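Bear in mind these aren't lab numbers, they're just calculated from the coordinates by the rules spelled out. Note that this is a predicted model, so its numbers are computed, not measured. Note that each Cβ is placed from the backbone with ideal geometry, even for glycine, and that neighbours are counted across all protein chains shown.
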Amino acid sequence: MDRIEEEQTIERCRHGDLEAYKMIYERYEQPLLRTAVRLLGRQQDAEDAVQDAFLKLYRGIDSFRSGSRFSTFLFRILLNSCFDILRKRKKADFANTDINRLPVHSAHEVRHSLAEAVGMLPRQMKACFTLFAVEEFTHEEVGRILGISPGSVKANVHRAKQKLRAWLSVSS
Amino acid sequence: MSLKKFDDYEKGREQEALEARLQAEIDSLKTPISAPHLWERIEAMLRKEETVARSRPARFLKKWFILVPASALVLAGIVLGFFFGLKQRVTPSGILAGEALQKIELKERQYVQAIDELEKKARPKMAAMELEMVSLYRDKLETIDAQIRRCRAALASNPANAHIRRYLLAALQDKRQTLAELLAYEY
């Protein structure tokens, strides 16, 4: 879907056209699910977050300003939904979680464990890393999604990579 | 090759290999996730929402509930500002004396300082709030900011006008209160 097509689809969404919402879903399903799974750790919660994000999108599509990038708007909604779920879970403070406490796995378990290691990063660091390194948003776009400065995004991604590199070197 | 150079070379190679491995692992995080019935769930929920929205004009009204009084406040400010501005030229009672002007300027600075602090606290909260609420508060704050700008523009040519100062103070108070409300909002 190119940008013009996307704008036309959004215009149809503004008029409540559910087919247009389906097109948006098909375009963004995988990146949204992947990001939510990385942030929440459980697929069921990730699906709930995506569902909630679409409900919020439906209710708030009028606040999307044409000319802005839709993907950053949509991901901002998704992240709010994810954070709502995390708040509801009343999990222990993610910022205090120490990646070094993760068990060391054998090489064939690394793929699963790297996802686990990402899951153990502090909340904001995890969001910055996932959006930048996995979903390939720019620092500026990640900053807009999370409401923080691009410099802060850069620092978070750098620290996340450092932690993951350290973890990989220990696990190999 | 000296031993130190050899060590550096080895470290560099290890670093490169680690970097390549990290990148490969990052790529593996892009593996598709299967959620076969998710769209059906979303569609059912949106259809339900559509039905509810049709029987609920409150969303539109809710926005106007904040916008109308805020716009009325701005209009009243402009009209009264002009009225008293004109009156002030005829009667000198609306002109502040030097000492009073200093006091009022100090008060304004205190408000501006308090607002700056509240704004700093409000920014992350707004980022986490529902979009609908964010847009309501943003609209209200923009309206108040417009009033503050108008008052400041009027004061630039007539700094001792007590009436415009009063409207500026009222707008600053209003902004402080709105930000405080936003911070107290529970979602």
Go through (1) under 27 Å from residue A:146 (Cβ atoms); (2) surrounded by 15 or more Cβ atoms within 10 Å (Cβ to Cβ); (3) out of contact with any helix residue (DSSP H, G or I) (no Cβ under 6 Å at 6 or more places or on another chain); (4) small (Gly, Ala, Ser) for residue B:184 and report which single condition fails. (2)
Can you pull out every residue in the range A:125-149 that is assigned to a helix (DSSP H, G or I) and under 17 Å from residue A:68 (Cα atoms)? A:139, A:140, A:141, A:142, A:143, A:144, A:145, A:146
Would you check which residues across the range A:8-60 are touching a residue at least 40 places away in the same chain (Cβ under 8 Å), away from every other protein chain (no Cβ under 11 Å) and within 20 Å of residue B:131 (Cα to Cα) and list them? A:10, A:14, A:28
Can you tell me how many residues in the range A:17-46 are crowded, with 21+ Cβ neighbours inside 10 Å and not hydroxyl-bearing (Ser, Thr, Tyr)? 9
Residue by residue through the range B:133-143, note down the ones that are under 17 Å from residue A:83 (Cα atoms) and surrounded by fewer than 18 Cβ atoms within 10 Å (Cβ to Cβ). B:133
Among residues belonging to the range A:135-154 that are touching a helix residue (DSSP H, G or I) at 6+ places or on another chain (Cβ under 7 Å) and away from chain B (no Cβ under 14 Å), point out the one that is farthest from residue A:72 (Cα to Cα). A:154
